[in-house]
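Chemist: One structure coming up, written as structure tokens, with questions to follow.
The values are calculated or read from the model by the stated rules, or taken from the named source; none is laboratory data. From a predicted model like this one, the values you see are computed outputs, not experimental measurements. As a convention, Cβ positions derive from the backbone with ideal geometry for all residues, glycine included, and neighbour counts pool all protein chains shown.
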């Protein structure tokens, strides 16, 4: 089959790698305008030691794979639709696509499919790496899901799945790497299923669905030291940890980002003490929360590591 990929991230690269020895051909890649990639590219630079070679830029496609790359302002634009038509593709496959496809575009292809690296219908939407941590999904087997694109978000019938684990210590970067590596093989299996004469897709059970919105660290990542338990704070910090900028709080009028913490339960913590930094232990900071003591292991200020020794005790996080 001839395939057009729409999206970005290293998932595009994994699709090329998986199909290179198959009878399927990727004939073009479409991605949103270059200026909309700037935030991702900046994050790649800040967290390059964590991303390693997963910090792949989709604009390298023509150089690495000798396949044309097209920028689009809108998938409804007549020029974009004509570019797709000229490629004479059988399959439109989205991989990290940020746009909702209209039925008029879907109908132009024999198959329009999405590679959703999370378990459907339970984890529809975006920002799911962080949401799975927040929702305590680390003790469950997750599924990357290839499904038909249909009306609604991530709602189409399921073509195939590929399992993976989310571990109790995982940060978003760990989940990202593990599930992104499945996408190429997921696409290949999906194409093979579609070619089988007796294949039948599996409908999603809508009553089991959950939709989660994309998260923004600077908007959503504020820690509540007063009302949240120690375990809830640790989970929140992990959910906004690497590769993101880190859950944040104010301390002595500085906005600090916390990237790693552990919790030890303890009784008799008065609510007035919640958020109080009361001890330093090597390069760790100890803070009271309502049900014990939080030990903060990694702090950043303006995206740079901050030494605990530079912080004064007796102040509260707020």
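Chemist: Considering only segment 143-173, how many residues are assigned to a loop (DSSP other than H, G, I, E, B), under 18 Å from the mean Cα position of the chain (by Cα) and surrounded by fewer than 18 Cβ atoms within 10 Å (Cβ to Cβ)? Lay out the reasoning, then the answer.
Modeler: Filtering segment 143-173 for residues assigned to a loop (DSSP other than H, G, I, E, B) gives 149-157, 166-171.
Filter once more, keeping what is under 18 Å from the mean Cα position of the chain (by Cα): 153-154, 166-171.
Now narrow it down to the ones that are surrounded by fewer than 18 Cβ atoms within 10 Å (Cβ to Cβ): 153, 167-169.
The number of residues fulfilling the criteria is 4.
Chemist: Restricted to segment 299-318, and to residues that are outside any loop (DSSP other than H, G, I, E, B) and within 23 Å of the chain's Cα centre (by Cα), which residue is farthest from residue 221 (Cα to Cα)?
Modeler: Start the filter on segment 299-318 by keeping residues that are outside any loop (DSSP other than H, G, I, E, B), which leaves 299-301, 304-305, 308-310, 316-317.
Narrowing further to those that are within 23 Å of the chain's Cα centre (by Cα): 299-300, 304.
Values: 299: 14, 300: 14, 304: 17 Å.
That would be 304.
Chemist: Have a look at 304, 280, 316 and point out the one that is touching a strand residue (DSSP E or B) at 6+ places or on another chain (Cβ under 7 Å), more than 20 Å from residue 231 (Cβ to Cβ) and either touching a residue at least 40 places away in the same chain (Cβ under 8 Å) or surrounded by fewer than 17 Cβ atoms within 10 Å (Cβ to Cβ) (or both). Steps first, please.
Modeler: Working: 304 fails: touching a strand residue (DSSP E or B) at 6+ places or on another chain (Cβ under 7 Å); 280 fails: touching a strand residue (DSSP E or B) at 6+ places or on another chain (Cβ under 7 Å).
Unique residue meeting the criteria: 316.
Chemist: A further question on this structure: If a residue must be over 26 Å from residue 39 (Cβ atoms) and free of Cβ contacts under 8 Å to residues at least 40 places away in the same chain, how many such residues does segment 245-260 contain?
Modeler: The number of residues fulfilling the criteria is 1.
Chemist: Next up: Does residue 213 satisfy being touching a strand residue (DSSP E or B) at 6+ places or on another chain (Cβ under 7 Å) and free of Cβ contacts under 8 Å to residues at least 24 places away in the same chain?
Modeler: Values: touching a strand residue (DSSP E or B) at 6+ places or on another chain (Cβ under 7 Å): yes; free of Cβ contacts under 8 Å to residues at least 24 places away in the same chain: no.
The answer is no for residue 213.
Chemist: Can you tell me which residue within segment 98-119, out of those that are farther than 18 Å from residue 176 by Cβ and in contact with a helix residue (DSSP H, G or I) (Cβ under 9 Å, 6 or more places away or on another chain), is surrounded by the most Cβ atoms within 10 Å (Cβ to Cβ)?
Modeler: The initial filter retains those residues of segment 98-119 that are farther than 18 Å from residue 176 by Cβ, namely 99-113.
Filter once more, so that each one left must be in contact with a helix residue (DSSP H, G or I) (Cβ under 9 Å, 6 or more places away or on another chain): 104-105, 108-113.
Details: 104: 9, 105: 18, 108: 13, 109: 18, 110: 11, 111: 19, 112: 21, 113: 26.
Filtering first and then ranking leaves 113.
Chemist: Just to check your reading of the model, which residue among 236, 272 is surrounded by fewer than 12 Cβ atoms within 10 Å (Cβ to Cβ) and either part of a helix (DSSP H, G or I) or in contact (Cβ under 8 Å) with a residue 24 or more places away in the chain (or both)? Break it down into steps so the answer makes sense when it comes.
Modeler: Working: 236 fails: surrounded by fewer than 12 Cβ atoms within 10 Å (Cβ to Cβ).
One residue alone meets the criteria, 272.
Residues checked against (1) closer than 24 Å to residue 191 by Cα; (2) in contact with a helix residue (DSSP H, G or I) (Cβ under 6 Å, 6 or more places away or on another chain); (3) outside the structural domain of residue 94 (by TED's automatic domain parsing); (4) surrounded by 15 or more Cβ atoms within 10 Å (Cβ to Cβ):
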| site | (1), (2), (3), (4) |
| --- | --- |
| 7 | yes, no, no, yes |
| 12 | yes, yes, no, yes |
| 20 | yes, no, no, no |
| 27 | yes, no, no, yes |
| 37 | no, no, no, yes |
| 43 | no, no, no, yes |
| 56 | no, yes, no, yes |
| 69 | yes, yes, no, yes |
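Chemist: Sticking with this structure for a sec: Farther than 30 Å from residue 45 by Cβ and buried (at least 22 other Cβ atoms within 10 Å of the Cβ): does that describe residue 230? Step through it out loud before you land on a result.
Modeler: Details: farther than 30 Å from residue 45 by Cβ: yes; buried (at least 22 other Cβ atoms within 10 Å of the Cβ): yes.
Taking the combined requirement at face value, the residue satisfies it.
Chemist: Of the residues that sit in segment 178-208 and are in contact with a strand residue (DSSP E or B) (Cβ under 6 Å, 6 or more places away or on another chain) and outside any helix (DSSP H, G or I), which one is surrounded by the most Cβ atoms within 10 Å (Cβ to Cβ)?
Modeler: The extreme case among them is 182.
Chemist: Which one of these is more than 22 Å from residue 49 (Cα to Cα), out of contact with any strand residue (DSSP E or B) (no Cβ under 6 Å at 6 or more places or on another chain) and not assigned by TED's automatic domain parsing to the domain that holds residue 40: 272, 225, 236, 263?
Modeler: Working: 225 fails: out of contact with any strand residue (DSSP E or B) (no Cβ under 6 Å at 6 or more places or on another chain); 236 fails: out of contact with any strand residue (DSSP E or B) (no Cβ under 6 Å at 6 or more places or on another chain); 263 fails: out of contact with any strand residue (DSSP E or B) (no Cβ under 6 Å at 6 or more places or on another chain).
Only one candidate qualifies: 272.
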